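Okay, so here's the structure we're looking at.
The values are calculated or read from the model by the stated rules, or taken from the named source; none is laboratory data. Computed from a predicted structure; not experimentally measured. Cβ placement follows ideal geometry from the backbone for every residue including glycine, while neighbour counts extend to all protein chains displayed. SASA here: full protein model, heavy atoms, side chains in, ligands and nucleic acids out. Shrake-Rupley method; radii C 1.70, N 1.55, O 1.52, S 1.80 Å.
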Amino acid sequence: AAWAGPLPTLSSVEDKLDKVFLPYLSEDVLGSINPAGCLDSILYESTSELLKVKEERDYLCAFIAFQANKDSYSGVGFYQGATEADMRFVCFKQSVDEVNEVNSQNLGWVAGILSPSTACSLSPKNSLMY
């Protein structure tokens, strides 16, 4: 069977980085990562990778990947600037911590951060829409 949908496109590193706004963090944290090295969706999609998120720089790298893999037409869409990214970063960190807490309980199912079009970076007020 022939492919009937649009051809998938690969975003360049520059295209992905253009979607990213960094939250307001110390220069030490911001300088501790290379944003171009934080673009793989595995950083937030893999529960084993999420378990490695311990330090602020780890959260930041996963958050960069989360933003870089967003699309403009679903969920929250792209963030509008550093102020919004700063607020969403707090929500994203809480989501990562909740996923890791749930998974540490071995409940017979696995929690995770799904896709950038989901509500894991929403504030509690915003998430009521979903």
- Message: open to solvent by 50 Å² or more (accessible area, probe 1.4 Å) and more than 21 Å from Lys16 (Cβ to Cβ): is that true of Asp28 in this structure?
- Response: yes
- Task: With the condition kept exactly as written, say whether any residue in region 83-96 is out of contact with any helix residue (DSSP H, G or I) (no Cβ under 9 Å at 6 or more places or on another chain) and assigned to a loop (DSSP other than H, G, I, E, B).
- Result: no
- Residues (aliphatic (A, V, I, L, M), assigned to a helix (DSSP H, G or I) and surrounded by fewer than 18 Cβ atoms within 10 Å (Cβ to Cβ)) located in region 31-63: Ala36, Ile42
- Item | Of all residues in region 91-102 being in contact (Cβ under 8 Å) with a residue 12 or more places away in the chain and open to solvent by 30 Å² or more (accessible area, probe 1.4 Å), the one that is nearest to Pro23 (Cα to Cα) | Lys93
- Message: Can you tell me how many residues within region 12-25 are open to solvent by 20 Å² or more (accessible area, probe 1.4 Å) and touching a residue at least 12 places away in the same chain (Cβ under 8 Å)?
- Response: 9
- Message: On the basis of being of a type outside the set (Lys, Arg), within 21 Å of Glu55 (Cα to Cα) and modelled with pLDDT of 90 or more, does Ala85 make the cut?
- Response: yes
- Message: Let me spell it out: the conditions are (1) at pLDDT below 95; (2) open to solvent by less than 10 Å² (accessible area, probe 1.4 Å), and Gly75 meets all of them except one. Which number is the exception?
- Response: (2)
- Item | Asn69 vs. criteria modelled with pLDDT of 95 or more and open to solvent by 40 Å² or more (accessible area, probe 1.4 Å) | no
